[in-house]
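Everything on this sheet refers to the single structure shown next.
The values are calculated or read from the model by the stated rules, or taken from the named source; none is laboratory data. Note that the structure is predicted; figures quoted are calculated from it, not measured. Reconstructed Cβ throughout: ideal geometry from the backbone, glycine too, with neighbour counts over all protein chains shown. Surface areas here come from the heavy atoms of the whole protein model, side chains and all, with no ligands, DNA or RNA. Shrake-Rupley method; radii C 1.70, N 1.55, O 1.52, S 1.80 Å.
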Amino acid sequence: MVDGMVSQLGDQAEKLWRREEGGTGKYPPPGLHALLELYLLEGVEEIYKHAITIYLLLDIIHSFPNKTGTSIDSFTAAFAIPWSLVKFIQGFWLLDHKDYENSLALLVEPTATKPVSWQDVRILQSLMCQGEHRRALRYTQVMKLSVSSCSEVRLFLTVLLSNRCMVEAWGLLQEHTTKLKVEELLKDMYDICQGMGLVEDFLKLPFTDAQQKCLEKFLQNHAILLVQHLQRANCVPALQLNQAMNVHLMLSVKVLPSVPVSLRGY
């Protein structure tokens with residue numbers, strides 16, 4: 001989450017922190033002087049500068065045994081920073097430090113600052129990468145997140161299917177097929193289901209004629225498609241596919257190299 005916040009500052013922050021001795025251009029800044037220079041950057045909203053500073057103060061406080069919040073209190077008071085933002089950044093800090101329960105408690109709190117789209121995506125990605133599938137689902141439900149791009153739909157499908165919410169995942173796909181490419185979304189959903197052992201449930205979904213054609217297009221001579229035809233009692237397509245698969249198998253056998261006599265029997 002902190003890398004995402006720094007990226008919102010643009011290339012200026014990276015160049016600034018690279019210029020300082022020992023700086024990598026990434027968080028943390030090489031020193032307090034480099035941190036304070038953020039406030040001299042033009043064209044950057046002050047809220048982002050405050051967010052980085054609050055995050056660093058949390059890091060500093062955490063490194064001391066007593067862990068008092070005095071420095072954050074005085075900083076927020078001096079700059080008239082609302083506590084809604086402080087809670088928000090504390091949620092990010094806890095998420096980065098794998099305290100998921102307390103992090104989500106702060107992020108979904110009504111009085112905290114509301115995340116924007118890129119932050120929602122990173123929160124979900126962070127939870128999913130750590131195997132926190134249920135918490136990722138809870139976050140989407142509590143925050144009532146909306147999606148707009150193909151990458152966001154894929155992420156949401158992964159969250160739903162990781163929690164075996166097949167009906168909800170299908171509803172999400174149906175909702176966005178008018179705006180995005182049907183074939184790509186259907187292939188994405190199939191791939192996710194295949195990785196999670198949900199192909200059987202996937203094949204039982206009520207595909208439209210257009211979706212069925214897309215499915216047949218990317219599966220082609222595949223045994224799974226044959227199973228689907230048999231499940232739906234589509235006898236003629238099943239027979240045709242079976243014959244095509246047999247022909248394909250025979251052609252594959254013909255092009256195989258002959259096995260040397262010395263290796264036969266092994």
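Quick notes on this one:
- Potential lengthening between residue 84 and residue 99 on full extension [0.36 nm per residue; Cα-Cα distance subtracted]: 3.5 nm
- Fully extending the segment from residue 196 to residue 39 would add 51.8 nm, taking 0.36 nm per residue of separation and subtracting the current Cα-Cα distance.
- Heavy-atom surface of segment 123-210, accessible at 1.4 Å and reported per residue (Å²): 52 Å²
- Cβ-based net charge around residue 100, under 13 Å, with every Lys or Arg adding one and every Asp or Glu removing one: 0
- Note on residue 122: accessible area is roughly 90 Å² with a 1.4 Å probe, heavy atoms of protein only.
- Segment 1-149 - convex hull of the alpha-carbon atoms, volume per residue in Å³: 132 Å³
- The heavy atoms of residue 54 present about 0 square angstrom of accessible area, all protein chains included, probe 1.4 Å.
- Using every pair of distinct Cα positions in segment 96-189, the Kirkwood expression returns a hydrodynamic radius of 13.8 angstrom.
- Farthest toward positive dipole pole in segment 127-183 [+1 Lys/Arg, -1 Asp/Glu at C-beta], among 151, 182, 165: 165
- Cα→Cβ-extended label distance, 7 Å offset, between residue 165 and residue 109, nm: 2.5 nm
- Cα centroids of segment 11-43 and segment 76-107: 22 Å apart.
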